[in-house]
Amino acid sequence: MTKVFSIGHLRTLLLVVLGGFPLFGVAMWGFLRLVLGGDADPQLVTLVNWLVPGTVLALIVLTLGITVMVMNPGRYLRDVARLEAGRAWATWPYSREQWAAARQVEAARLRRSLIGLYVAIGLAVLLALVGLAAGDTVLAGAGGVVFVLAVVMLVLARLGNLSLRLADDESGEVRIGAHGVLRRPGGYTAFAAGGTLHAVEVTGAPLRLVFTSAVRGRYGVQHHKTVDLLVPPMREDEARALAERFDAEVIHGWKHEMD
């Protein structure tokens, strides 16, 4: 579990499942009790008291089971072992200034990925205020539940990337593998956890190596920028060669099945 928790996307998922789901249960229990009121049927109250924790437990078990089947954590653990042993597709050392700049690039990517949660928090506050102004406790309670859930998701997402932000400012190194990148200091981030690698691009000024995943969901395919690496000086040609290799061997090659 310790090694699994060290992988960025899986760490975030575990924090959401093991931390967020119980908080979601508490919020839903409070909302349902608010809707039922103080004079509710005792049998109905008992049903809610058992139904909410039972549902949360079922969600935890189901989510972890689907994670094992879909994400295949063993694939990333093997990739981490290869990178730790020095069997990387590329190893890039960074000076103190370069490492600080590289961390800022990745931090900017994280902030962009969390915009949806900030919007949800704003809408939840508006919903709660409208409910309070109208004297509608149910509407206000719904806004409060959404607010709590969005804030929890925001905090957990930031905790999931804590190792990167706590990395020291002296110097650093990244090791790029077939399925993810290992930052030293920092941690391992998978390129396409729960999906497939869609594109690897060399872009921007200063130059960056950007990995985009594709995840098929209920509303079609969604694309997410999962890793944004600042290319060190004198490594530009290597970065372009890496993008071509990922395109040939991973995106249009062996479909992430490397062992």
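The values are calculated or read from the model by the stated rules, or taken from the named source; none is laboratory data. Computed from a predicted structure; not experimentally measured. Backbone-built Cβ (ideal geometry, glycine too); neighbour counts: all protein chains shown.
Structure summary
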item: Segment 74-101: number of residues that are over 19 Å from residue 246 (Cβ atoms) and either crowded, with 19+ Cβ neighbours inside 10 Å or among the hydroxyl-bearing types (Ser, Thr, Tyr) (or both); result: 3
item: Residues located in segment 210-259, provided they are among the aliphatic types (A, V, I, L, M), surrounded by 15 or more Cβ atoms within 10 Å (Cβ to Cβ) and modelled with pLDDT of 80 or more; result: 210, 214, 227, 229, 230, 231, 239, 242, 243, 250, 251
item: Which numbered condition residue 44 misses (of (1) modelled with pLDDT under 70; (2) farther than 30 Å from residue 236 by Cα); result: (1)
item: Hey, residue 98 of a type in the set (S, T, N, Q), without any contact (Cβ under 8 Å) to a residue 40 or more places away in the chain and assigned to a helix (DSSP H, G or I) or not; result: no
item: Segment 177-207: number of residues that are among the charged types (D, E, K, R), farther than 21 Å from residue 74 by Cα and crowded, with 20+ Cβ neighbours inside 10 Å; result: 0
